[in-house]
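Reviewing the structure listed below.
Bear in mind these aren't lab numbers, they're just calculated from the coordinates by the rules spelled out. Keep in mind it's a predicted model, so treat the numbers as computed, not measured. Cβ sites come from the backbone with ideal geometry, for glycine too, and all protein chains shown count toward neighbours.
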Amino acid sequence: MSDRLKGKRAFVTAAASGIGRASAIAFAREGATVFATDIDEKGLAALQSEGISDVARLDARDTAAVNDMAKRAGKVDILLNAAGFVHHGTVLECSDADWDFSFDLNVKSMHRTIRAFLPGMLESGGGSIVNISSAAGVFKAAPNRYVYGATKAAVAALTRAVAVDFVTRGIRCNCICPGTIETPSMLDRAAAAGPQGREMFISRQPMGRLGTADEIAALAVYLASDESAFTTGVAHVIDGGWTL
């Protein structure tokens, strides 16, 4: 630990597993006071032994719950939005309900949390917002990722919009665009694809391996820290060369 986030307060969504969990733990190890949230209460409970200061159940699709949680958490210096869902299919397999759910969870959840926490950041004189997007949809199209790609492109646009609107007021907003990362949800998708599912995901990565949640968390720490003080509105691709 090098205390890169010492004295900072962080709020993290989807912190019970995957990138959200790895980022919450990395923030805490770097000295931040971390408030971790998720709908998975069992997964959250496991975080309490990792130096996380507070955990709470939060459905990022519930506007009232997000607003109440922002009041409970108080002012924060760092907001990490990691909630998301990967829909599989083309436009022909995407119902109106699939479209609405994907945009509600992948994009509107970030709208909710930013609206809720940004006033406190402005009052404090600054803050860093980090949104988890994807290389798919922002830098490259991926097969059977129709609505997922659309949502992640929207996240990148949302990120730039927040960045430009508040660049003179101490607010930085960036997004991270991972390639294929080995997380519980990714492994579930691989299993659903059949016995060779994991190998199929690996085969499309030029480096010949999947990324790790800890590698994404390391970038999140950088973007949350003062080391990235001159960086805002950027979609940071970290994909093992997938988009080359």
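Odds and ends about this structure:
- Each 10 Å bin from zero holds the following percent of Cα-Cα pairs in the stretch 10-78: 23, 58, 18, 0.
- Order of Tyr148, Tyr222 under a 10 Å beta carbon neighbour criterion, fewest first: Tyr222, Tyr148
- Max mean-square fluctuation residue, GNM over the chain, Cα-Cα springs under 10 Å, options Ala97, Ala220, Ala157: Ala97
- Among [x] 18.9, 56; [y] 36.0, 154; [z] 17.0, 53, the entry that matches Rg and Dmax of the Cα atoms in Å as calculated here: [z]
- Pairs of lysines in the stretch 66-163 whose Cα atoms sit within less than 22 Å of one another amount to 4, provided the residues are eight or more positions apart or on different chains.
- Filtered chymotrypsin sites (Phe, Trp or Tyr not before Pro), the stretch 65-130: DSSP coil and at most 12 other beta carbons within 10 Å: none
- Inter-part distance, the stretch 208-241 to the stretch 102-126, computed on C-alpha centroids, equals 20 Å.
- Lys, Arg +1 and Asp, Glu -1 on Cβ, resulting dipole of the chain about Cα centre, debye, nearest 20: 400 debye
- Selection from Trp99, Ile52, Val86 lying farthest towards where the dipole of the stretch 1-106 points positive, charges on Cβ: Ile52
- Helical mean residue ellipticity (222 nm; -39500 (n - 2.57) per DSSP H run of 4+; nearest 500) of the chain: -13000 deg cm²/dmol
- Relative to the compact-globule estimate of 2.2 N^0.38 Å, the Cα radius of gyration of the stretch 26-130 comes out at 1.19.
- Compared with the direct C-alpha span, the chain from Ala97 to Arg61 gains 11.5 nm at full extension, assuming 0.36 nm per residue.
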